[in-house]
Amino acid sequence: MVMSAAAYLPAPKLGEWLKELSVRHLVLAPQARGDAVVFAPYAEGGEIVLDRDATMPPKQAVFPATEELLRFRRVKDPEDPGRVDVELSASQPAPKTVVFGARPCGTRGFLAYDRVYRSPKTTDPYYAARRDATLFVTVACTAPGNSCFCHWVGSGPDDASGSDLLLTPVTGGFVVLAVSGRGDELLGSPLLEPAGDRTAEAEKVLAAVRAALPPAPDISGARDGLTAVFDDMGFWDEVSAKCVSCGACTYLCPTCYCFNITDEGDGLAGRRLRTWDNCMSFQFTLEASGHNPRPTKAHRLRNRVGHKFSYYPALHEGAVACCGCGRCVRGCPVSVDIREIVLAAIVRAARAREETAHD
């Protein structure tokens, strides 16, 4: 990334800047909660964790794990007791929010959401309202983790395509770059200084982390490879053998967007909730008849990997529904590695083509 006009935020002024943002926004920042790092409302004096990636991505800011869509109440017509009307009340408007301290991969995940929930055909009003009300201030990575593979999917440690401001750590503070019009609005703080020569240091920091990434394999054949092994249940049984179907991979993923809707109440009054769902669960596709089209974890893992690297790209002009953050790898209790599965599918399909050619 070539930096244009940029500002500089001294590290000692970070808390004061977040306090300033809190006047007009709900500020969510990465904070320690036991062994985890989660995005939680910032309070003055709160300790911000920036030396490691958050355990959870910031997707709850725009797509909450549990979201109230509406409340309902059934009211009898006093003049016609046999008639019951339903009164609906919409959920509260989305608050103006700033998500601070996410890595670029975490916010880039919303690009996958946008193609689904803000498509030309259909717009989810709840998602759209929160998306419009939320600004993302991300911090570029300064070292790759062993589970990171953002560069496999066409991204990188300073990919700001899902951000409004990008902060690059430099000596004594951060170089702050606006990467959207909305981000420009946050640069008017008197706490920010001209970046000057610090932009050159920021470029060196980013160049160093890019150079530290191991070479990325060519996964352009993933879509065809996964299609080719779709019916090879021996392959899927093999790669899913150690999976325990806990669903951690889906809950930790910045691009997983499946949900369930339930009504809670006493029959006369209640509320309608949208909650995250988990495609690795047996109940996800269980039909009322008792039939399940994905009866085994092999079938379910096939769907999860296939959706990200095959079905989604087929629907969205080749875009992969994976940002390469590696959370699914780090968070899996039995070390199922989606990278290994994708590469294995490509190899398996290539071998099958070779065998067919020799027959």
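Okay, residues lined up against (1) of a type in the set (Phe, Trp, Tyr); (2) touching a Phe, Trp or Tyr at 6+ places or on another chain (Cβ under 8 Å); (3) more than 30 Å from LYS19 (Cβ to Cβ); (4) surrounded by 13 or more Cβ atoms within 10 Å (Cβ to Cβ):
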site	(1), (2), (3), (4)
LEU186	no, no, no, yes
SER189	no, yes, no, yes
ILE219	no, yes, yes, yes
TRP236	yes, no, yes, yes
CYS246	no, no, yes, yes
ASN278	no, yes, yes, yes
Give SER155, SER163 a once-over and let me know the one that is of a type in the set (S, T, N, Q) and buried (at least 23 other Cβ atoms within 10 Å of the Cβ). SER163
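Within the stretch 3-34, track down each residue that is closer than 24 Å to CYS325 by Cα and in contact (Cβ under 8 Å) with a residue 12 or more places away in the chain. Spell out the reasoning first.
Step one: of the stretch 3-34, the residues closer than 24 Å to CYS325 by Cα are 3, 27-34.
The answer is MET3, VAL27, LEU28, ALA29, PRO30, GLN31, ALA32.
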Do we find that THR227 is surrounded by 19 or more Cβ atoms within 10 Å (Cβ to Cβ) and either closer than 19 Å to VAL347 by Cα or touching a Cys at 6+ places or on another chain (Cβ under 6 Å) (or both) in this structure? no
Condition first: of a type in the set (A, V, I, L, M, F, W, C), over 21 Å from THR134 (Cβ atoms) and assigned to a helix (DSSP H, G or I). Now tell me which residues in the stretch 173-220 satisfy that. ALA200, ALA202, VAL205, LEU206, ALA207, ALA208, VAL209, ALA211, ALA212
Taking the stretch 95-110 and keeping residues crowded, with 23+ Cβ neighbours inside 10 Å and polar (S, T, N, Q) leaves THR107
Which members of the stretch 103-145 meet the condition of being touching a helix residue (DSSP H, G or I) at 6+ places or on another chain (Cβ under 9 Å), free of Cβ contacts under 8 Å to residues at least 12 places away in the same chain and in a loop (DSSP other than H, G, I, E, B)? THR122, ASP124
If the requirement is being basic (Lys, Arg), more than 16 Å from GLY247 (Cβ to Cβ), crowded, with 19+ Cβ neighbours inside 10 Å and outside the structural domain of TYR113 (by TED's automatic domain parsing), which of these qualifies: ARG274, ARG300, ARG351, ARG327? ARG274
Scan of the stretch 77-94 for residues that are under 23 Å from the mean Cα position of the chain (by Cα) and surrounded by fewer than 11 Cβ atoms within 10 Å (Cβ to Cβ), ordered by number: PRO93
Count of the stretch 236-249 residues which are out of contact with any Ser or Thr (no Cβ under 9 Å at 6 or more places or on another chain), in contact (Cβ under 8 Å) with a residue 60 or more places away in the chain and not in a loop (DSSP other than H, G, I, E, B): 3
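Is there a residue being out of contact with any Gly (no Cβ under 6 Å at 6 or more places or on another chain), farther than 14 Å from LEU167 by Cβ, of a type in the set (Gly, Ala, Ser) and part of a loop (DSSP other than H, G, I, E, B) anywhere in the stretch 54-62? If you could, list the steps in order and put the result at the bottom.
Our first condition is that a residue be out of contact with any Gly (no Cβ under 6 Å at 6 or more places or on another chain); within the stretch 54-62, this holds for 54-56, 59-62.
Among the residues that remain, those that are also farther than 14 Å from LEU167 by Cβ are: 54-56, 59-62.
From the residues that got through so far, the ones that are of a type in the set (Gly, Ala, Ser) too are 54, 61.
Of the ones still in play, those that are also part of a loop (DSSP other than H, G, I, E, B) are 54.
Yes: one or more hits.
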Determine, yes or no, whether ALA143 is out of contact with any strand residue (DSSP E or B) (no Cβ under 6 Å at 6 or more places or on another chain) and exposed (fewer than 14 other Cβ atoms within 10 Å of the Cβ). yes
Unmet requirement for GLU47, which otherwise passes all of (1) part of a strand (DSSP E or B); (2) under 29 Å from CYS253 (Cα atoms); (3) not hydroxyl-bearing (Ser, Thr, Tyr): (1)
Pairs, please: C-beta under 8 Å, at least 6 apart or cross-chain, first residue closer than 24 Å to ALA269 by Cβ and in the stretch 73-102, second in a loop (DSSP other than H, G, I, E, B)? ARG73/LEU268; ARG74/GLY267; ARG74/LEU268
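The values are calculated or read from the model by the stated rules, or taken from the named source; none is laboratory data. The structure displayed is predicted, hence computed values, not measured ones. Glycine also receives a Cβ, built like all others from the backbone with ideal geometry; neighbour counts cover every protein chain displayed.
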